[in-house]
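Asker: Below you'll find the structure I mean.
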Amino acid sequence: MKIAVVTGANRGLGHEVVRQLAGRGYRVILTSRSDSGEEAARLLQQGGLDVSFHQLDVADSQSINECVQYLRERFGTIDVLINNAGIHYDTHQSTLTADFGIVNEAWQVNALGPWKLSKALYPLLRKGGGGRIVNVSSASGSFVESWPGTPAYAVTKAALNMLTVKLAADVRKDKILVNAVCPGWTRTDMGGADAPRDVEEGARSIVWAAELDDDGPSGGFYRDGEPLPW
């Protein structure tokens, strides 16, 4: 049985990714910064899905270390890491009005968090003989498709895209595939009620990258399985 770890999964896209992966037979560790993830995992368990909860704040190095120790002791290896946790879709500010407290928080969660966690879990992915890392990104981080506003979010997602390229090159020898995925504008707490996509559709893009064959792409940026411009 394959083991997947999903960050920021107490609600929205992350929660739906957990549901879809567990429905495909994965054993999924649902993680979130808040304890609400425990109840989210319990509800999925009641549906017969193999889901467990572990608290994880990707901006906290000690929290990362504790989660990695739990995974090492409980499972020994993992097969999939979904770096989904993200914050601050900052429509209220521009580069000239930016609150750098918000910018720093976005940097810690959206860019450094996935970097630190991927580095920390690399030995468990490698021990499993390969694996998949999926960085949940956004077209706002694309130099071609981005739009005015949301500077903290856009800049940190652009950084996440570059992390994807660099990390993919560094782990290619270990048969670990790393890709960034834009789920599209999705009806979540962050996306809002006017978004054209439901969470099921957005999550399918992410699950696609988690289930790539061994000869699948790595180091790319995708939506619905199709390449996006950087």
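The numbers here are math on the coordinates, done by the rules we state, and not lab data. Since the model is a prediction, treat every value here as computed from it, not as a measurement. Neighbour counts run over all protein chains shown; Cβ positions are idealised from the backbone, glycine included.
Asker: Tell me yes or no: at least one residue of the stretch 181-191 is under 15 Å from the mean Cα position of the chain (by Cα), aliphatic (A, V, I, L, M) and within 17 Å of residue 21 (Cβ to Cβ).
Answerer: yes
Asker: I would also like to ask the following. Could you pull out the residue among 169, 210, 152, 203 that is crowded, with 19+ Cβ neighbours inside 10 Å and over 21 Å from residue 10 (Cβ atoms)? Show your work before the answer.
Answerer: Values: 169 fails: crowded, with 19+ Cβ neighbours inside 10 Å; 210 fails: over 21 Å from residue 10 (Cβ atoms); 203 fails: over 21 Å from residue 10 (Cβ atoms).
After ruling out the rest, the residue left standing is 152.
Asker: Check residue 77 against each of (1) surrounded by fewer than 19 Cβ atoms within 10 Å (Cβ to Cβ); (2) assigned to a helix (DSSP H, G or I); (3) among the polar types (S, T, N, Q) and name the one condition it does not meet.
Answerer: (2)
Asker: Sort out which residues of the stretch 122-149 are surrounded by fewer than 16 Cβ atoms within 10 Å (Cβ to Cβ) and of a type outside the set (Gly, Ala, Ser), and write them in order of number.
Answerer: Passing the criteria: 123, 127, 143, 144, 145, 147, 148.
Asker: Here are the criteria: (1) out of contact with any Pro (no Cβ under 9 Å at 6 or more places or on another chain); (2) more than 26 Å from residue 92 (Cβ to Cβ); (3) surrounded by fewer than 20 Cβ atoms within 10 Å (Cβ to Cβ). Tell me which single one residue 159 does not satisfy.
Answerer: Here residue 159 meets the rest and fails (2).
Asker: Sort out which residues of the stretch 1-60 are over 23 Å from residue 108 (Cβ atoms), of a type in the set (D, E, K, R) and assigned to a loop (DSSP other than H, G, I, E, B), and write them in order of number.
Answerer: Within the stretch 1-60, 2, 24, 50 qualify.
Asker: Inside the stretch 1-42, can you point out the residues that are more than 15 Å from the chain's Cα centre (by Cα), farther than 20 Å from residue 122 by Cα and not charged (D, E, K, R)?
Answerer: 22, 23, 25, 34, 36, 37, 40, 41
Asker: Okay, next question. How many residues does the stretch 83-101 hold that are more than 17 Å from residue 31 (Cα to Cα) and assigned to a loop (DSSP other than H, G, I, E, B)?
Answerer: Residues meeting the conditions: 12.
Asker: If residue 109 satisfies every condition in (1) more than 12 Å from residue 87 (Cβ to Cβ); (2) under 13 Å from the mean Cα position of the chain (by Cα); (3) in a helix (DSSP H, G or I); (4) among the hydrophobic types (A, V, I, L, M, F, W, C) but one, which is the exception?
Answerer: All conditions are met except number (1).
Asker: Looking only at the stretch 118-162, which residues are hydroxyl-bearing (Ser, Thr, Tyr) and within 14 Å of the chain's Cα centre (by Cα)?
Answerer: 118, 137, 138, 156
Asker: With respect to residue 104, is the statement that it is outside any helix (DSSP H, G or I) and free of Cβ contacts under 8 Å to residues at least 40 places away in the same chain true?
Answerer: no
Asker: Which ones in the stretch 92-119 are buried (at least 19 other Cβ atoms within 10 Å of the Cβ), touching a helix residue (DSSP H, G or I) at 6+ places or on another chain (Cβ under 7 Å) and among the hydrophobic types (A, V, I, L, M, F, W, C)?
Answerer: Matches in the stretch 92-119: 103, 106, 111, 117.
Asker: Hey, another quick one. Among the residues in the stretch 142-150, are any outside any helix (DSSP H, G or I), of a type outside the set (A, V, I, L, M, F, W, C) and touching a strand residue (DSSP E or B) at 6+ places or on another chain (Cβ under 8 Å)?
Answerer: Yes, the stretch 142-150 has at least one match.
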